[in-house]
1. Go over the candidates B:Asp209, B:Asp249, B:Asp222 one by one and state the one that is closer than 20 Å to B:Ala28 by Cβ, among the acidic types (Asp, Glu) and modelled with pLDDT under 90.
2. For the range A:167-176, check the following and say yes or no: at least one residue is over 30 Å from B:Gly54 (Cβ atoms), in a helix (DSSP H, G or I), touching a residue at least 24 places away in the same chain (Cβ under 8 Å) and hydrophobic (A, V, I, L, M, F, W, C).
3. What helices (runs of 4 or more DSSP H), lying completely within the range B:165-252, carry at least 2 residues that are among the aliphatic types (A, V, I, L, M) and within 13 Å of the chain's Cα centre (by Cα)?
4. For the range B:68-88, name all the residues that are within 12 Å of B:Ile52 (Cα to Cα) and aliphatic (A, V, I, L, M).
5. Would you tally the residues in the range B:91-149 being among the β-branched types (Val, Ile, Thr), over 23 Å from the mean Cα position of the chain (by Cα) and in a helix (DSSP H, G or I)?
6. With the condition kept exactly as written, say whether any residue in the range A:219-229 is among the small types (Gly, Ala, Ser), crowded, with 22+ Cβ neighbours inside 10 Å, in contact with a Phe, Trp or Tyr (Cβ under 6 Å, 6 or more places away or on another chain) and closer than 30 Å to A:Trp178 by Cα.
7. So which residues in the range A:216-239 are at the interface with chain B (Cβ under 8 Å from one of its Cβ atoms) and in contact with a helix residue (DSSP H, G or I) (Cβ under 6 Å, 6 or more places away or on another chain), if there are any at all?
8. Please verify whether the range B:205-212 includes one or more residues that are of a type in the set (A, V, I, L, M), touching a residue at least 12 places away in the same chain (Cβ under 8 Å) and buried (at least 20 other Cβ atoms within 10 Å of the Cβ).
Amino acid sequence: MTQSERIAPSATVPARRFDAAGILPWAVFALLAAVPLIAPHFGLEYYVGFVRHMLIVAIAATSLNVILGYGGMVALGHAGFVGVGAYAAVALVEAGVGSAWLAWGGALAAGAVFAALTGAVSLRTRGVYFLMITLAFAQMLYYLAVSLRTYGGDDGYGLYTPLSLGWLDGVHGDVFYWVVLALAALVFALASRLAVSRFGHALMGIRDNETRMAALGYPVYRIKLAAFTGAGALAGLAGGLLASHNAFVSPSLMHWTESATLLVMVVLGGRGRRWGAPLGVAIWYTLAEVLKINTEYWHWPLGLMLLLVVFLAPRGVAALFERRRGEG
Amino acid sequence: MSAASLFQARGLVKRFGGLLATDHVDLAVEKGEIHALIGPNGAGKSTLVNLISGLLPLDGGSLSLDGVELTGLAPHQRVRAGLSRCFQVTSVFGHDTVLDNLLLAAQAHAGSSFRFLSRRSAEKELMDTALALAETVDLAGALHRIAGTLPHGAQRKLDVALALAARPRLLLLDEPMAGMGPEDSLQMVALIEKLRAQTAILLIEHDMDAVFQLADRVSVLDYGRVLASGDVDYIKGHPEVQAVYLGTDTET
């Protein structure tokens, strides 16, 4: 058919080969990579650690965005995966593992296993029930950690020996920062690619119309479980990185308010949008930091500002930018 | 009902509490046949469709398609076995374009969906399948329209196209003419007539003109039971059928 020839190219070939959207991730990456080199000149060393923390949280938020934004699964237990990762890393260190890569790999695996097990149960439910059951699993973990004497129970547990990064050791004082940045960038790239892959399309189809997807022949449950497990793995990795970052773990990592904060950050940034998670994390942490400098009662204005954002950008801040670009 | 029937439902039972919604229903569809299922509101037609497609679990009975037992299979496995369906209430992906809808349907039946890193837009075969589906239902001119903004009749055609992507051997059409004007109904009748060559069809429909025009065989459902089954003339002349269903509106 000549018709198909006429239509196919515009649909297969990306319309925009070269534009701001293509350079943006690299520009952001370069900017972030320069932080440890520039900050000390202005006496802002503190902010190297601050940004490193944000990058780690961005990994967790991005993984949540995959199941929440692409998959439509409103989970309230994501901090549980982060906590599992953090405690897994600590357990490995305690068992004599000295390599950061091994500890983080263990964190990733632990997050995946925990997500697969809890997902297998919780994904049989939907909506509010799903939210409650993911919350319940995370709370179980929280209380388990509180009662774990070996790892300090309620008081938490310090990691006193710094982990080895292998041949990267001693390259630069801030090498851990760049490792975190590289991992965060990798996770961002993975999530971006996932969104345009077969799996991503299937996942978003399930979000939009689960019954129809089953009637189209999709193994809905397996697809959701795969997404849930992958997200759990990445959140576990974030947990392992967080344990290294803080040189400390405690049950408060898994408190349900942490899960809620992740949820708020993703919704704020724009769920189901490429930049949603990192943008939400950046806005949340920057606002909190600025307000903390000025007032002890920073929760109040933060809450008000978030309300404002919800009214002005109900689909998230990232959606605002997309619309503006569409008009331009 | 010979053993060689393409699709066979035997003794289907569904209870909702004390209500026997499906009362030992036997149904067969032959290859190349359009088998219409009619019955008054509340007769259990939609329940039967959901039992056959697997959205509701059976309380008794068995199903087979082309010799393959479907009884214990999940809905998506039944689709893989060759049984595809449309929905009474149009069920398309309203926020996506027609093309994206068709690509999603095509993807389900061409390779694994567990591919995480390669761009789907690079797959030419999916695109070809999607375009062919659009041609079949006459939507090739609307590929880049947002599905939810299409007129009702076009959305119903898209719904049919989504079901066709499975290359079904039995297609369940649940009231395809529902809510359509005469113009759209005519087009849908023409489409169903065209599909006869590709697949056997179980057609649930209220529009009697369409049913009598299309069906090779008609079964009448009443209170969850099959009241009568036969060709169009037999059903038209069946006294009990006239009493429960066609009523005073019988056209002869």
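The values are calculated or read from the model by the stated rules, or taken from the named source; none is laboratory data. Remember, it's a predicted structure, so these values are computed and weren't measured experimentally. We place every Cβ from the backbone using ideal geometry, glycine too, and count neighbours over all the protein chains shown.
1. The conditions single out B:Asp222.
2. Yes; the residues of the range A:167-176 include at least one that is over 30 Å from B:Gly54 (Cβ atoms), in a helix (DSSP H, G or I), touching a residue at least 24 places away in the same chain (Cβ under 8 Å) and hydrophobic (A, V, I, L, M, F, W, C).
3. Here the list reads B:182-195.
4. B:Leu70, B:Leu73, B:Ala74, B:Val79, B:Leu83
5. The qualifying residues number 1.
6. Checking the range A:219-229: not a single residue is among the small types (Gly, Ala, Ser), crowded, with 22+ Cβ neighbours inside 10 Å, in contact with a Phe, Trp or Tyr (Cβ under 6 Å, 6 or more places away or on another chain) and closer than 30 Å to A:Trp178 by Cα.
7. Residues satisfying the conditions are A:Leu216, A:Gly217, A:Tyr218, A:Pro219, A:Val220, A:Ile223.
8. Checking the range B:205-212: at least one residue is of a type in the set (A, V, I, L, M), touching a residue at least 12 places away in the same chain (Cβ under 8 Å) and buried (at least 20 other Cβ atoms within 10 Å of the Cβ).
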